[in-house]
Amino acid sequence: MAIFVFVVGSLLTILGCGSLLASLDLLPTEVGILYAGCGTVAASSGLIVLSIAALIRRVDALGRAWRAPAPEPTPFETLASESEPPLEPESAGPIEAPEPSPERSAAFGESFAEDEPINENRAGHLPTLAEVEHALVEPGAAPTLVGRYTAGGANYMIFSDGTIEAETEQGAFRFASMGDFKAYIAGRK
């Protein structure tokens with residue numbers, strides 16, 4: 001396809017330049033001005049078509065590179081991969097969060113509640129690497145606004161994915177679920 005477009009662009013450019021050359025002897029006449037105008041349009045169109053041919057070749061090369069298999073690793077990459085065990089995300093299972101040590105908590109003034117989950121999703125477990133990659137590759141649709149109400153001087157918005165946004169005098173807050181929102185309200189009292 002690129003070759004055909006290149007040939008057409010070359011013909012347009014050559015014929016346009018020929019028309020410009022023919023118009024030099026006839027320029028003071030109407031026919032000369034017509035030749036000059038047509039030659040300019042044809043030569044300009046030919047250059048544009050040549051640019052399109054170059055673009056088609058580049059897109060074809062990118063498509064071939066995209067579909068081509070990965071290149072063989074270099075000797076250095078082979079040595080590096082042999083020294084490190086391969087990562088197998090499918091068999092690794094969920095990643096467990098380390099338990100905080102009491103010494104570290106006391107040293108940094110942190111307090112950890114036993115029932116407070118760390119980085120857990122709604123299913124109650126940490127996501128696996130495969131789940132994270134799937135979520136990055138195929139993001140879900142943006143949540144839609146389901147309802148909006150005002151109570152106690154605060155504006156609340158509820159979304160289709162169960163999240164809640166609250167705008168209060170203390171600032172704007174976002175809660176992952178109604179349970180998180182209720183826990184926040186209970187903690188303020």
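Considering ILE185, ILE158, the condition of being at pLDDT 85 or above and either outside any loop (DSSP other than H, G, I, E, B) or of a type in the set (Lys, Arg) (or both) is satisfied by ILE158 alone. Residues in segment 129-160 that are loosely packed, with under 10 Cβ neighbours inside 10 Å, under 19 Å from the mean Cα position of the chain (by Cα) and closer than 24 Å to PHE173 by Cβ: PRO139, GLY140, ALA141, ALA142.
The values are calculated or read from the model by the stated rules, or taken from the named source; none is laboratory data. Because the structure is a prediction, the values reported are computed rather than measured. Cβ coordinates were reconstructed from backbone atoms using ideal geometry, including for glycine residues, and neighbour counts include every protein chain displayed.
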